[in-house]
Amino acid sequence: MDVIADILLAAGAFGAAFYCHILGRRLRAFARLEGGMGGAIAVLSQQVDDMTRTLAAAQTTAGDSADRLEERVARAEAAAKRLELLLASLHDLPKEPAQ
């Protein structure tokens, strides 16, 4: 009976040692992953900051372009009104007889 108890005790000890070995490997892998994740998060954070600055610059440029476009549209509309007046005044001219 003592022999069977010793064998079961040894098997339990080997099982616990094997479990601790597997758990240690998983913890080391998690530590590597955590370092990798931390680095990846830092890189992504930097990229977000860069994209935010780029977006702000693009919005400023788009606003300036929209202002210039509005000015040009207003000038084009004024020119179109002048052309309409010129065409209307051409209709008022007397027709010359054909020679």
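Summary table below
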| item | result |
| --- | --- |
| Segment 1-78 - charge dipole about Cα centre, Lys and Arg +1 at Cβ, Asp and Glu -1, debye rounded to 20 | 280 debye |
| Semi-axes of the equivalent ellipsoid for the chain, Cα gyration tensor, largest first, Å | 91, 16, 7 |
| Helix axis angle, 2-91 relative to the chain longest principal axis, alpha carbon, degrees | 0 degrees |
| Dipole of the chain [Lys/Arg +1, Asp/Glu -1 at C-beta], most positive-end residue of Leu9, Phe30, Ala42 | Leu9 |
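Each reported figure results from applying straightforward, stated rules to the coordinates on display, with no laboratory input. What you are looking at is a predicted structure, and each value in this text was computed from that prediction instead of being measured. FYI the Cβ positions are ideal-geometry reconstructions off the backbone, even for glycines, and counts take in every protein chain you see.
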